[in-house]
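*Asks:* One structure, as structure tokens, below. Some questions next.
The values are calculated or read from the model by the stated rules, or taken from the named source; none is laboratory data. Everything numeric here is computed off the predicted structure, so don't read it as measured data. Here Cβ is always computed from backbone atoms with ideal geometry, including for glycine, and neighbour counts include all displayed protein chains.
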Amino acid sequence: MKDPEEQAEETVRDAISAPDAEGRPRRATRRFPLFTKDTARPEGGGRAARGDAPAPARQWPILAVLGLVGLGLLLTALDVFRVGTLLIGIALVAGAVLRWVVPDVGMLAVRSRFTDIVTYAGLGLAIVLLAMMVQPHPLLQIPFLKDTLHFTVSS
């Protein structure tokens, strides 16, 4: 246990609050000082596998998503554009599903669970939809987009 002097040094005084009779700010906060010595552990900082497993086994969710994205990029580079970009979008959607279903996803967790799910799913769905609309011979045609393009370009 720390003695009170050491605890007082760790507590950062909020300079914005009104000072007390001695001129010190009344409200003490837990904000980090200007130069932090340590950072807080992220929400998903836990392991996806037990602690004695090797590092790749502990981080299987992020490795699975990155593996699919890498395969999609390779297919895109090998001139199989539609399949490659579809695979990239599907990998991001799979990352959203993993973030929702698996309690400890390791490094796949970046921010809060809600933010990660919305971000992964939103970007994944956007990439999938764009990959399906790629010319020539699109798999998905949205009628009002053609009219919107003609309206904005011809104006």
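*Asks:* Looking at VAL97, VAL128, which one is more than 26 Å from ALA57 (Cβ to Cβ), among the β-branched types (Val, Ile, Thr) and at pLDDT 85 or above?
*Replies:* Just a single option satisfies the conditions, and that option is VAL128.
*Asks:* Is there any pair linking a residue in the stretch 62-83 that is without any contact (Cβ under 8 Å) to a residue 60 or more places away in the chain and more than 22 Å from MET107 (Cβ to Cβ) to one that is surrounded by 15 or more Cβ atoms within 10 Å (Cβ to Cβ) and of a type outside the set (Ser, Thr, Tyr), with Cβ under 7 Å and at least six apart or on different chains, and which?
*Replies:* Going by the 7 Å Cβ cut-off, the qualifying pairs are LEU75/GLY84; LEU75/LEU87; THR76/GLY84; ARG82/ALA131; VAL83/LEU75.
*Asks:* If you check every pair at least six apart or on different chains, which have Cβ atoms under 6 Å apart with a residue in the stretch 135-147 that is surrounded by 10 or more Cβ atoms within 10 Å (Cβ to Cβ) first and a residue that is modelled with pLDDT of 80 or more second?
*Replies:* From the stretch 135-147, the pairs are LEU139/MET132; LEU140/MET132; LEU140/MET133.
*Asks:* How many residues are surrounded by 16 or more Cβ atoms within 10 Å (Cβ to Cβ) and among the β-branched types (Val, Ile, Thr) when one looks only at the stretch 105-134? Steps first, please.
*Replies:* Here is the first cut: in the stretch 105-134, the residues surrounded by 16 or more Cβ atoms within 10 Å (Cβ to Cβ) are 105-109, 116-117, 119-121, 123-124, 127-128, 131-132.
Still in the list and also among the β-branched types (Val, Ile, Thr): 105, 117, 119, 127-128.
Total meeting the criteria: 5.
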